[in-house]
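K.L.:
Before we start, here is the structure in question, set down as structure tokens.
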Amino acid sequence: MDRVIVAGGGLVGCAVSMFLVRRGIPVVIYERGADPRLTSVTTRPSINVTLCARGLRSLERLALTDRLPGLLMPAYGRMIHNTSGAITYQPYSESGDAIYCVARRQLCIALLNAAEERGVTLVFDRRVTTVDCDDGAIVLEDRDGHRTHDRASAILAADGCYSTIRRQLQRRDRFDYAQSYCTHGYKELIIPEALARAASLTEDALHLWPRHDFMALAFANVDRSFTCSIHLPFDGPDGFEALADDGAVRSFFGRWFADLVPLVPSFAPRFLAQPPNSMVTIRCWPWSARRVLLLGDAAHAMFPSYGQGANAGFQDCELLDELIGRHGTDWRRVFTAFESMRKPDTDAMADLCGEHFVELRERVDHDTFHRRCRVERELHRCFPDRFVPLYSMISFSSIGYAEARRRDAIQQSLVDALMRDPHIEARLREPAFLDSLSTRLGSLAREVARVS
Ligand SMILES: Cc1cc2nc3c(=O)[nH]c(=O)nc-3n(C[C@H](O)[C@H](O)[C@H](O)COP(=O)(O)OP(=O)(O)OC[C@H]3O[C@@H](n4cnc5c(N)ncnc54)[C@H](O)[C@@H]3O)c2cc1C
């Protein structure tokens, strides 16, 4: 009888387990941490994640969306705060599409509850220390160092960005591995509900303070407080290293984030009290070895800037489920099909995350960027099937990431040409011009179809 061990009871470990039990495959999750439902003490950072259409679709497949509404806060666009205190709004789309902010811990608790109700066995305080890929055996250690063993027909490593199991695969012959840290890090601060309300911070938008080489962003939580993350370079005069005392913090933030500082009580001491967190991209290959498969962050950690890590992880689970539907529990077949289908997408998304981080910091506050976004949104409004902005393809569709990137490269050649016309926004309202554009977009659509 097939039985599966899942290492890691995070978002992806829980989701994949539910897909498996739905197919009648018994699953045990071994999680190194304590049960988050029983303790408020956590060793993990209390981050917020945004879910978009692709992640929500995977959760819908698990019939979980009725558990989520109370946890999710929608954001329909970006509120850009510039240095003079002026605020401009950029909707994500013309049709009211939103991304949804959720506390990762609360989402994980909801998924753990659902997994347990559906028959997944949850074992906490058990760290996977060793794995034998060939016979599916693992060694586990509890908090006191006591060791136990288990064995299954397949082992799914959903043990996150710093995966123990991936480290073991690295010792095998011809395992490729690359990690690349971002030059920037982040710290998180809370804006209490009362101060957010007094400052009229709109809850249904992402607030963004782009400052070229650094930025801050804030999302509303369900209790109406906001979680604000401040992204700075680690080094240099505007970096975390230089902002090491009260005076330096006050002067830097007073200059660049004057409207943000009063929203966080005791801003400077809170900022100084925590170390900066790093962001890393991890690529590796292959993702599987005999009975073992990496998925989620263990296979493809990416910068959080595009809000896709968890969404991509949920899509991994959905694809794996489809492949089990096709090949049954012929795990070698399922695993090799999974990794070869999925890797081009997560590689493309990792690249997009790096590019988007620069866009958020450096470009969103420029008139040309606003104008370009308006033109793209108008093209989408007039030709919804033929032109879809990149952000919409990533966040409001389930088109493969690599395919979205390819389509966007083709679309951008058209937008570049249109942007050379200083009156383009007015022209997009002229019926004759729209007719001619329709023909151009027709050939663009054929090019997209040909390439894909
Ligand atoms: C600041 C920040 C913001 C983010 N924002 C977004 C966002 O907006 N949208 C989005 O989609 N994604 C976002 N992400 C990414 C998202 O959090 C991750 O992609 C997602 O949590 C990955 O899920 P996972 O289950 O693969 O790994 P994790 O969530 O890291 O879970 C891994 C689990 O494995 C356990 N574990 C680790 N080692 C072992 C072991 N040896 N034995 C047993 N258990 C083990 C850990 O305790 C943990 O519970 C963000 C990440 C960060 C850091």
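K.L.:
Sort out which residues of segment 279-335 are of a type in the set (D, E, K, R) and under 24 Å from L56 (Cα atoms), and write them in order of number.
P.N.:
The answer is D297, D316, E318, D321, E322, R326.
K.L.:
Let me ask something else. Pick from I190, I165, I155: which is in contact with a Ser or Thr (Cβ under 6 Å, 6 or more places away or on another chain), of a type in the set (A, V, I, L, M) and in contact (Cβ under 8 Å) with a residue 12 or more places away in the chain?
P.N.:
Selected residue: I190, the only one of I190, I165, I155 that is in contact with a Ser or Thr (Cβ under 6 Å, 6 or more places away or on another chain), of a type in the set (A, V, I, L, M) and in contact (Cβ under 8 Å) with a residue 12 or more places away in the chain.
This table checks each residue for (1) of a type in the set (F, W, Y); (2) closer than 30 Å to R255 by Cα; (3) buried (at least 16 other Cβ atoms within 10 Å of the Cβ); (4) in contact with a Ser or Thr (Cβ under 8 Å, 6 or more places away or on another chain).
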{"residue": "Y89", "(1), (2), (3), (4)": "yes, yes, no, no"}
{"residue": "S95", "(1), (2), (3), (4)": "no, no, no, no"}
{"residue": "L107", "(1), (2), (3), (4)": "no, no, yes, no"}
{"residue": "R151", "(1), (2), (3), (4)": "no, no, no, no"}
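K.L.:
Which one is surrounded by the most Cβ atoms within 10 Å (Cβ to Cβ) among residues in segment 316-331 that are touching a Phe, Trp or Tyr at 6+ places or on another chain (Cβ under 9 Å) and in contact (Cβ under 8 Å) with a residue 40 or more places away in the chain?
P.N.:
The qualifying residue surrounded by the most Cβ atoms within 10 Å (Cβ to Cβ) is D316.
K.L.:
Go through segment 158-184 and count every residue that is small (G, A, S) and within 10 Å of the ligand (Cβ to nearest atom).
P.N.:
Looking only at that region, the number is 3.
K.L.:
Are there strands (runs of 3 or more DSSP E) fully within segment 168-250 with at least 1 residues that are crowded, with 16+ Cβ neighbours inside 10 Å and touching a Cys at 6+ places or on another chain (Cβ under 6 Å)? List them.
P.N.:
Fully inside segment 168-250 and qualifying: 176-191, 215-220.
K.L.:
Yes or no: R361 of a type outside the set (V, I, T), buried (at least 18 other Cβ atoms within 10 Å of the Cβ) and free of Cβ contacts under 8 Å to residues at least 60 places away in the same chain?
P.N.:
In short, no.
K.L.:
Which of the residues that make up segment 261-281 are buried (at least 16 other Cβ atoms within 10 Å of the Cβ), among the β-branched types (V, I, T) and part of a strand (DSSP E or B)?
P.N.:
T281
So that you can scan it fast, the table gives a plain yes or no per residue for (1) assigned to a helix (DSSP H, G or I); (2) away from the ligand (no atom under 16 Å from the Cβ):
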site: D316; (1), (2): yes, no
site: L323; (1), (2): yes, yes
site: R326; (1), (2): yes, yes
site: T329; (1), (2): no, yes
site: R332; (1), (2): yes, yes
site: T336; (1), (2): yes, yes
site: R342; (1), (2): yes, no
site: A348; (1), (2): yes, no
site: C353; (1), (2): yes, no
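K.L.:
Check segment 136-159 and report whether any residue there is under 18 Å from the mean Cα position of the chain (by Cα) and modelled with pLDDT of 95 or more.
P.N.:
Checked against the condition, which is being under 18 Å from the mean Cα position of the chain (by Cα) and modelled with pLDDT of 95 or more, segment 136-159 yields at least one hit.
K.L.:
From C52, C14, grab the single residue that is within 14 Å of the ligand (Cβ to nearest atom), modelled with pLDDT of 95 or more and more than 24 Å from T164 (Cβ to Cβ).
P.N.:
Of C52, C14, the one residue that is within 14 Å of the ligand (Cβ to nearest atom), modelled with pLDDT of 95 or more and more than 24 Å from T164 (Cβ to Cβ) is C52.
K.L.:
Determine, yes or no, whether E322 is of a type in the set (D, E) and within 30 Å of V4 (Cα to Cα).
P.N.:
Yes, satisfied.
K.L.:
Quick check: anything in segment 282-303 within 16 Å of the ligand (Cβ to nearest atom), at pLDDT below 95 and outside any helix (DSSP H, G or I)?
P.N.:
Yes, that holds for at least one residue.
The values are calculated or read from the model by the stated rules, or taken from the named source; none is laboratory data. Just so it is clear, the structure is predicted and the values come from calculations on it, not from any experiment. FYI the Cβ positions are ideal-geometry reconstructions off the backbone, even for glycines, and counts take in every protein chain you see.
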